[in-house]
Amino acid sequence: DEVKQVLVGILLGDAHIVRRSSTANSRLVYAQTAVTHKEYFDYVLSFFRAFCANNYIPQSRIVRDNRTKKTYSAISFTTMQLPCFNEYRDIFYPSNVTVVPDNIYELLTPRGLAFWLMDDGSRHGSGMHIGVYAYTNTDVDKLMFTLQDKFNIKCSIHYNKDKKPRIYIFKESMDTLITLVKPYFIKEMLYKLGL
């Protein structure tokens, strides 16, 4: 159950599930920029180590961002192809495109929210932004409704200079948010909550 909650959070963030063919099982792929978030990467891996091959070693590589022309190191892990990931592949990628599942209200827990924020959250003034660039407006609405209705977090949509959406969590909801997610944060990521 704990692993499922983490999985939902990172699938909203930096993870994705790959399936080679319709008859194959699925595998989880997760990546982070190595230097800055190595402790967090190791923390995520600790939940999925049992799903990786014996003596699995995460992959490190140098990545060049063609947009910014910057080079950075990335680290990633890939699980084995297993039937337990198929259900999540089906609901998060029904047509091979990332979507927010219709039952996200039931799926997203405070633990999942914490991992989503550690992946995609960033402090913004007295509030917080969550990057949701890959999602349609309908999907962003599902996420905002879940934050507002399930977790009592006041939020709105902000757009960056490229007209990409971000969810903005208001200053007055930060205490509520911190109470919900802090137990699941590792200390290296608390800066995202302004702590």
Rounded to the nearest 10 degrees, what's the angle between the helix 2-12 long axis and the longest principal axis of the chain, both from Cα atoms, 0 to 90? 70 degrees
Give or take rounding to whole Å, what are the principal axis extents of the alpha carbon atoms in the range 77-173, in descending order? 42, 29, 27
With +1 on each Lys and Arg Cβ and -1 on each Asp and Glu Cβ, how big is the dipole of the chain about its Cα centre, in debye rounded to the nearest 20? 760 debye
Given R₀ = 22 Å, FRET efficiency for ASP162-THR98 by Cβ-Cβ distance, to 0.05? 0.75
Taking placed amide H atoms and a strict 5 Å upper bound, the residues 5 or more places from ILE157 or on another chain that come that close are TYR168
Which one, GLN59, PHE47, VAL132, projects farthest toward the positive side of the charge dipole computed for the chain from Cβ point charges (K/R +1, D/E -1)? GLN59
Report, in deg cm²/dmol and to the nearest 500, the calculated mean residue ellipticity at 222 nm for the chain, where each DSSP H run with n ≥ 4 adds -39500 (n - 2.57) and the sum is divided by the residue count. -9500 deg cm²/dmol
Taking the chain as the reference, fit the longest principal axis to its C-alpha atoms, fit the long axis of helix 34-48 to the helix C-alpha atoms, and give the angle between the two in degrees, 0 to 90, nearest 10. 70 degrees
Between the range 92-165 and the range 1-76, how many Å separate their Cα centres? 19 Å
Candidates (1) 64, 44, 25; (2) 47, 42, 27; (3) 46, 35, 34; which is the computed Cα extents along the principal axes in Å? (3)
Accessible area of the range 1-135 with a 1.4 Å probe: how many percent of it is carbon plus sulfur? 50 percent
Using amide H atoms built 1.01 Å from N in the peptide plane, name the residues 5+ places from HIS124, or on other chains, whose amide H lies under 5 Å from its own. HIS129
Rolling a 1.4 angstrom probe over the protein heavy atoms, how many square angstrom per residue are accessible across the range 1-98? 56 Å²
Could you tell me what % of all Cα pairs in the range 34-117 have separations over 15 Å? 72 percent
Links exceeding 24 Å between C-alpha atoms in this model, out of LYS69/LYS163; LYS4/LYS163; LYS171/LYS192; LYS150/LYS192, come to LYS4/LYS163
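The values are calculated or read from the model by the stated rules, or taken from the named source; none is laboratory data. Please read all numbers here as calculations on a predicted model, not as lab measurements. Cβ atoms come from the backbone with ideal geometry, glycine included; neighbour counts cover every protein chain shown. Heads up: the accessible areas ignore ligands, DNA and RNA and are worked out on the full protein's heavy atoms, side chains in. Shrake-Rupley method; radii C 1.70, N 1.55, O 1.52, S 1.80 Å.
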